[in-house]
Amino acid sequence: MSIPIVDFDRFLFAFTIGSHILIVSLSIGLAIMLCAVEFLSARSKDRYYGALARRLVRPFVVSFGIGTASGIVMAVELVNLFPGFMTLVSKTGVISIFYVEIFAFFLETVFLVVYVYYGKLFHGRYTRWLLTLPIVIGTLLSAVLIVMVNAWMNTPNGFDIGTYLATGAVTGVDPWAPFLTPSTGYEVFHVLATVPLTGIMMIGGFFAYRYHKSSNPDERTLFVKGLRITVALSLVLVVLTVISGVLQIENLYRYQPLKYAAMELNVNPGTNLPETVFGWLNGTTVVGAIQIPGLQGILSDHANVPGLSQYPSSDWPPLIIHDTFDTMVLLGVLLGLFLFGYAGLWVLKRRPFDRRFLAWGFVVFTVVTTVVMELGWMTDELGRQPWIVYNVMTVSQAASTNSDLFYPGLVIIAAYIFLVPFTFWFMARVFRSKSIEADLAGPTEGTDVNY
């Protein structure tokens with residue numbers, strides 16, 4: 001049975017962005033870790049922090065290069081797979097967001113080059129740390145701007161939507177409005193918590209694993225110091241993830257009520273509804289679910305929340321988003337419990353990093369964090385179906401009908417299946433490309449790079 005080309009376009013772009021975000025998350029995590037480690041190195045003059053910074057910058061350079069190339073693939077796919085969408089974008093203020101994205105990339109690139117190749121020329125105690133700040137800002141700003149585009153797709157503004165739906169003409173354009181839609185602040189807040197959390201947990205899982213693989217006392221000390229930072233940052237980000245997630249849900253039932261109803265599997269609207277955990281819809285009846293009385297009412301501040309029955313079934317998103325949402329929340333709760341338990345053992349001076357089962361637990365929860373992030377994106381994007389721009393343009397209207405892209409698309413999928421694991425393997429190799437003694441000693445005089 002042949003696959004409709006629109007469905008293939010959906011899958012190809014989803015697979016590309018799902019792969020891309022794994023590399024980007026680690027890149028953002030490495031940038032934040034590098035900044036934190038350079039600050040601690042300047043503040044404490046501890047040579048282990050200096051050695052850790054020299055080790056972290058190597059995989060960061062790799063992730064930056066591969067992430068940049070992957071970002072170009074996504075840009076080309078947007079143009080080729082969804083020309084209708086890009087035509088609308090080019091006629092509205094959304095195109096300005098893409099231009100600012102170039103500035104963010106420029107900022108990150110320039111200061112990364114300065115830090116890597118010329119950082120040793122700066123001798124001030126905190127100067128090297130200051131060089132990492134624009135790198136972090138540029139990296140995070142790139143993510144923020146992409147999320148701004150996504151927020152506009154969820155709650156479009158900045159042009160006369162009524163006229164566009166009636167005539168297809170784009171009029172009344174406000175070039176600045178897309179930078180701040182009703183959902184922008186909520187989405188940016190949530191992404192600035194979840195994506196760095198994923199990247200930092202990846203680093204922490206690697207540190208925990210390498211600590212037990214290494215027999216070198218200096219290297220083990222370095223990994224313990226790195227674990228302290230990753231656990232501290234992850235705890236803060238988990239708390240921010242919970243807060244931003246609750247705010248995001250509240251925003252959904254105001255501006256994307258159908259998505260909210262599908263996520264909660266609400267058949268009918270109402271107040272003080274139960275929280276439905278898993279289950280499925282059999283006709284108009286929810287079956288196989290665990291229901292917690294009144295919880296949804298508490299979480300929604302007892303507002304009158306929407307139900308699926310208010311909308312034609314042809315407009316419903318895939319109801320699998322109820323399961324992806326519940327799985328995401330369940331795994332997120334387990335992750336939070338693990339991190340708080342791990343930190344609690346550290347506070348009690350029980351040396352959690354010495355316990356092999358906790359080290360493997362950290363590795364497992366690194367995978368869990370990645371799954372949670374991917375499920376979050378699946379819930380958001382599937383929940384907007386069949387729209388690419390909510391209530392304005394469907395995916396079918398935006399997508400290309402050119403079937404010639406099918407086989408190149410398969411090549412791209414195969415490339416990512418190889419590229420993502422290879423990238424992580426190679427980053428692990430370059431992290432350990434010098435001995436711990438060489439990293440503790442610092443860069444050799446006359447070398448071309450700062451690590």
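The values are calculated or read from the model by the stated rules, or taken from the named source; none is laboratory data. Everything numeric in this text was worked out from a predicted model, so none of it was measured. A quick note on method: Cβ atoms are made from the backbone with ideal geometry, for glycine too, and the neighbour counts reach across all protein chains shown.
Filtering region 161-194 down to residues that are touching a residue at least 40 places away in the same chain (Cβ under 8 Å) and part of a loop (DSSP other than H, G, I, E, B), which residue is surrounded by the fewest Cβ atoms within 10 Å (Cβ to Cβ)?
Within region 161-194, the match that is surrounded by the fewest Cβ atoms within 10 Å (Cβ to Cβ) is TRP176.
Would you mind stating whether GLY158 is farther than 30 Å from ILE32 by Cβ and loosely packed, with under 15 Cβ neighbours inside 10 Å?
Criteria not met by GLY158.
Which ones in region 324-364 are basic (Lys, Arg) and either surrounded by 14 or more Cβ atoms within 10 Å (Cβ to Cβ) or touching a strand residue (DSSP E or B) at 6+ places or on another chain (Cβ under 9 Å) (or both)?
Of everything in region 324-364, just one residue is basic (Lys, Arg) and either surrounded by 14 or more Cβ atoms within 10 Å (Cβ to Cβ) or touching a strand residue (DSSP E or B) at 6+ places or on another chain (Cβ under 9 Å) (or both), namely ARG355.
Look through region 106-154, keep the residues that are among the polar types (S, T, N, Q) and surrounded by fewer than 21 Cβ atoms within 10 Å (Cβ to Cβ), and return whichever of them is nearest to the chain's Cα centre (by Cα).
ASN150
Looking at (1) of a type in the set (Ser, Thr, Tyr); (2) under 28 Å from MET86 (Cβ atoms); (3) over 26 Å from the mean Cα position of the chain (by Cα), which is the only condition SER433 fails?
Tallying (1) of a type in the set (Ser, Thr, Tyr); (2) under 28 Å from MET86 (Cβ atoms); (3) over 26 Å from the mean Cα position of the chain (by Cα), SER433 fails exactly one: (2).
Which condition does GLY158 not pass, out of (1) at positive phi; (2) free of Cβ contacts under 8 Å to residues at least 40 places away in the same chain, if it passes all the others?
Every condition holds for GLY158 apart from (2).
Restrict the check to region 390-409 and report whether at least one residue is under 21 Å from the mean Cα position of the chain (by Cα) and among the β-branched types (Val, Ile, Thr).
No, region 390-409 has no match at all.
How many residues, within region 58-104, are outside any loop (DSSP other than H, G, I, E, B), among the polar types (S, T, N, Q) and more than 20 Å from SER27 (Cα to Cα)?
The qualifying residues number 4.
For region 204-213, check the following and say yes or no: at least one residue is modelled with pLDDT under 95, touching a helix residue (DSSP H, G or I) at 6+ places or on another chain (Cβ under 6 Å) and surrounded by fewer than 18 Cβ atoms within 10 Å (Cβ to Cβ).
yes
Check every one of the helices (runs of 4 or more DSSP H) wholly within region 339-435 and list those with 2 or more residues that are within 30 Å of GLY158 (Cα to Cα) and modelled with pLDDT of 90 or more.
In region 339-435, 356-383, 395-398 are the helices (runs of 4 or more DSSP H) which contain 2 or more residues that are within 30 Å of GLY158 (Cα to Cα) and modelled with pLDDT of 90 or more.
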